[in-house]
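Data first, discussion second: the structure below is written as structure tokens.
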Amino acid sequence: MIFRTIIVDDEPLARKGLSIRLQSFSDIHIIEQCSNGREAIEVIRDNQVDLMFLDIQMPGLTGFQVIDEIEKQGLRMPLVVFATAFDQYAIKAFEVYALDYILKPTNEERLAQTLDKIRQHFKSSTDAEHKSKLIKLVSDVTGNNYQQILTELTNNQPVSLSNYSDILAIKDVGEVTRVPVKDIIWIDAAGDYMCVHTTNTSQHQSLDNPQENTHILRKTMKQLEEHLDPKVFIRNHRSTIVNKDYVEKFCSQASGEYLLILKNGKELKVSRSYKEKVKQAINS
């Protein structure tokens, strides 16, 4: 079988290097090299594409968003091999979902292993199995419910995507900790780092008296806010964000200060510039 293949990567040298290496495989026919996700979707719409080598981090649409758009538009999903510069620890999160992944830059030996997987897939697997894995990946990355996505696709309904993930991935010394966003009690800035204070409701701790764990995350407050639903997480200070589900009281002090009292007894100051927004959020 000849695999009609596209390469999707915003880096010209990466596209060229992969294209040259793939030329040594007689069953690979490259029909297009795409510099972004939109181009890839157009090619898939207009052509039969069997295989897609897909970068993850790209301007415009990320690799994950390309997969999502293909599903939303009802296009035929090609087999997907992720081409990424992610480190070996982060890539483990994707390994079980994609048909394969390659770290850039790759070599002929690694590509040969990938092609073996592709050939084996066509012998022993179905498109439905691969589609299911990709949906599961999109679900994990976007924070949307896997079964809900499957149901919407089965009923030819548009996939409803949340802009906020259910998981916050925190890297630390070669490990990635997947922290459920619902378990975050509050966050404060410490220089170039964020201290993410969490509870563990999965171990039956009560919301009324949550016990704290602390994770260190290298992000700015602005970057972190983009991952958090503003209907749940309140900015109460320029260096503090709090999950309103863990707030017990919002009160004023004789000194004129305002405080949030958390259910574990922790007191957080509310700066005057955020007072009205906090009051509105607590009352909503």
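Any read-out appearing in this document is the output of simple, stated calculations on the displayed coordinates, not a laboratory observation. Here the structure is a predicted model, which means the values were calculated and not measured.
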Task: Length gained when the stretch ASN107-ILE20 is fully extended (0.36 nm per residue, less Cα-Cα span) - done: 30.3 nm
Open item on the list: List the residues, sorted by chain then number, that are 5 or more residues from ILE28 or on another chain and whose placed amide H is less than 5 Å from its amide H.
Closed with: PHE3
Task: In sequence order, calculated HN-Hα J values of the range 247-254 (Karplus, 6.51, -1.76, 1.60; Hz; x Gly/Pro) - done: 8, 8, 9, 10, 9, 9, 10, 4
TODO: Name the long-range amide H neighbours of LEU79: under 5 Å, sequence gap of 5 or more, or other chain; modelled H, no Pro or chain starts.
DONE: LEU51, MET52
TODO: Give the long-range amide H neighbours of ASP100: residues separated by 5 or more places, or on another chain, with amide H under 5 Å away, using H modelled in the peptide plane at 1.01 Å from N.
DONE: PHE82
TODO: Just need log10 I(q)/I(0) for the range 167-283 at q = 0.11, 0.12 Å⁻¹, Debye formula, equal scatterers on the alpha-carbon atoms, no solvent, rounded to two decimals.
DONE: -0.35, -0.41
TODO: Mind scanning LYS72/LYS222; LYS244/LYS269; LYS104/LYS219; LYS219/LYS263; LYS222/LYS269; LYS72/LYS171 and naming the pairs with a C-alpha gap bigger than 21 Å?
DONE: LYS72/LYS222; LYS104/LYS219; LYS219/LYS263; LYS72/LYS171
TODO: Compute the Cα gyration tensor for the range 8-83, then decide on rounded, prolate or oblate, letting a ≥ b ≥ c be the square roots of its eigenvalues: rounded whenever a/c is under 1.5, prolate when a/b is larger than b/c in the other cases, and oblate in all that remain.
DONE: oblate
